[in-house]
Amino acid sequence: MKMFRFLLGMFTGGVLSTLSARANVYATDIKLNGGLTNAHAFVAVPATISYHLNQAATLGVTVSVLQGTNVVAAMAGGTNMGLNAVFWTPTVSGTYSLRITAAAAGFTNWEQISVDSNAGNYAFDPNGMAVDKNPKSPYYGRVVVGCSFANGTATNPVSGAIIKDGIYKMNADGSFADEGGFGYGGYTMDDGGNTSVNEMPSTYALVPWRLRIGGDDRLYMLDFTDEGAIIAFDMEVTTNQVVIDDGGYDGGALGGPHNYAGNPDINDLAVGIGNFDVTSAVTTNAAVWLCDVDYPNNWGIWMYHLKNGQSDTNDSGTQAVTTTGDLSLGSSGGCAVDTNLDIFCAQSTNSEIAVYDLMKFTNWNGGILPPASSGFNFVDGASAGEEEWGYGCGVDTTCANNPTFEGVQDVVLNNRTNPAIVACPMAGGNDSTNGIRLLNATNGSLVLTNLDFGQAYTCAAWDDVGNLYGASISRNVWRAWSPPGMSTNTTVAVAQVIVTIPIEITSITAVPTTPGCANVTITFTAPGNPPPTAFTLVGSSKVNGTYTPVASVVITGGSSAYQATFSNCSTEYFEIEQTAN
């Protein structure tokens, strides 16, 4: 007797998210029935809504299902840090949206919310990190950390896995990304010509260097092996694209054509581009900002327009900040630019000299990018006093005898549209305190001195709800901190959930033709009157085996009633799948 198994033709769907007001506990990596795309469910069939919490929601979680603006179901969700799930059984077909509200009592002071002992929180030789702040992205809340020196013997002390040179991908709670925790995007030859296999080259421990995630939901990386090149990856780090490089100047191996070989200041580059930023990647104001680490000769900060994800080949660059004034030592301590074109930059001073370590140049060119190839015509910061504010030895009265703000490695803003806080991770220099210093983005006043005192930090990032992340090169971990105060956040699904009546098998007949063979007819119904070509019959010799399309099947019908006819001469299990509408 032939046996038949029929599964509902279900498209699993992901729930994308957008954020309401400022908050610190929030849900990310939201899925319906384990999927990230095409959110479909069926009447009377339980659906699983899963999500990750970046920290424990001590005041509860509510998972709501809405039809339009009406809440049709509200369920208490799991509150633990990490993976949580609830079950929802639709009763009526229609189009729905989901939202998850998480709340926490919060903390009195800045509090570490990450767990050092998680395998995903281990970070070997980290020199770049970023967090996806795009609320309409399925990767919203993802943390990426670069490992730039995998010596082939280092292992993750928790998982035991060999550390590779490349980019590690985690959820906000420290668990590894679903598709795998490591990626190198096929980037096996760096700008210095060094090569590798199944990881990024680690010859000079300079790739990956700094990381940024753009508004186009791409991951941007600085390759620091030659003069400096910017490379873009998809968020799963499977492919790469050169955004801008030196076009072969001084031996660069990537060769452009998107390059700054014609820059009039290129001869000032010796160490090269050690920091960068990418702004407004999905608008006509898209730009990449290149910040060098040379001294005493350096080129300051140059801006290049982006076009279709790469530097515009018709743009020879525009200098945004020169190094003859307030930025006297070069932007070796990092740079960041907001949507108002306020430019924040730091110089990583290792001596007790009267210079600003961090400064802000406000509203460059009125907040509008100047035309391509403007050269030196739009330069700010050419003389003392042109910065809006500066912070460092010039204002820190303890600097002369006990420097506390040296070795700045990066500059990151909590928000690009309306930044309130600038975070500066510190490592090295004469300052043994290190940690991460927080400053007021409006006036440069001190917000917090040396978060995580005593640890060296090479890079930092903010998420979209006000939590701060940093990667420590002294402890080889990345950590996350929540600011003080209660927190509540609602994550609203961008993708809709389509609920339909499931496929229903109405009859199965098998008419013997020869011993062991039969002509089989399966009749079934499906909602919505899709064409017969919307269905596929697949079979497998094992109930949990691999199902493949059945040869010579004919599917006919319409008006929601269909039949599949085929010849069968073996014991098999079958499924009818709806593959299109």
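Along its three principal directions, the equivalent ellipsoid of the range 433-581 from the Cα gyration tensor extends over semi-axes of 63, 21, 11 Å, largest first. When restricted to Cα atoms, the range 109-261 yields an Rg and a Dmax of 15.4, 50 Å, respectively.
Considering only 276, 40, 356, and ranking their Cα positions along the charge dipole of the chain that arises from unit charges at the beta-carbon of Lys, Arg, Asp and Glu, the one farthest toward the positive end is 40. For the range 452-495, chymotrypsin sites (Phe, Trp or Tyr not before Pro) meeting the loop criterion (DSSP other than H, G, I, E, B) and having at most 16 other Cβ atoms within 10 Å: 453.
Taking Cα centre as origin and charging only the Cβ of basic (Lys, Arg, +1) and acidic (Asp, Glu, -1) residues, the dipole magnitude of the chain rounds to 2660 debye.
Using 0.36 nm per residue and subtracting the Cα-Cα separation, the extra length available between residue 365 and residue 283 on full extension is 27.8 nm. In plain terms, the chain from residue 551 to residue 415 could stretch by 43.4 nm, reckoned as 0.36 nm per residue minus the Cα-Cα distance. Straightening the chain between residue 378 and residue 73 buys 104.2 nm, computed as 0.36 nm per residue apart minus the Cα-Cα spacing. Scanning the chain for trypsin sites (Lys or Arg not before Pro) lying in DSSP loops with no more than 12 further Cβ atoms inside 10 Å, the longest uninterrupted stretch between such sites is 137-541.
Within the straight-line cut-off of under 27 Å between alpha carbons, the lysines reachable from residue 542 are 2, sequence neighbours fewer than 8 places apart in one chain being disregarded.
Dipole magnitude for the range 424-581: computed about the Cα centre from +1 point charges on Lys and Arg Cβ and -1 point charges on Asp and Glu Cβ, it is near 260 debye. Positive end of the charge dipole of the range 109-261 (Lys, Arg +1 and Asp, Glu -1 on Cβ, about the Cα centre): tell me which of 152, 129, 205 has its Cα farthest that way. With unit charges placed on the Cβ atoms, the residue in question is 129. The charge dipole of the range 109-261, taken about its Cα centre with unit charges on the Cβ of Lys, Arg, Asp and Glu (plus for the first two, minus for the last two), comes to roughly 320 debye.
The largest-to-smallest principal axis extents of the Cα set in the range 503-578 are 38, 27, 19 Å. Rank 445, 219, 411 by how far each Cα sits towards the positive end of the charge dipole of the chain (+1 on Lys, Arg Cβ; -1 on Asp, Glu Cβ) and give me just the farthest. Farthest towards the positive end: 219. With the simple model of a label 7 Å out from the Cα in the direction of the Cβ, residue 544 to residue 48 spans 1.4 nm. A simple spin-label model places pseudo-atoms 7 Å from Cα toward Cβ; at residue 442 and residue 189 they are separated by 5.2 nm. Each residue of the range 94-106 was assigned a 3J(HN,Hα) from its phi angle through the Karplus curve 6.51 cos²θ - 1.76 cosθ + 1.60 (θ = phi - 60°); the sequence is x, 10, 10, 10, 10, 9, 10, 10, 10, 9, 9, 5, x Hz, with glycine and proline shown as x. Cross-link reach is defined here as a Cα-Cα straight distance under 23 Å, omitting same-chain residues fewer than 8 places apart; for residue 31 the lysines meeting it are 133, 136, 169.
None of the figures in this text is laboratory data; all of them are computed from the coordinates on show. Predicted model only: the values in this text are computed from it and were never measured. Counting neighbours? That spans all protein chains shown, and the Cβs are built from the backbone with ideal geometry, glycine included.
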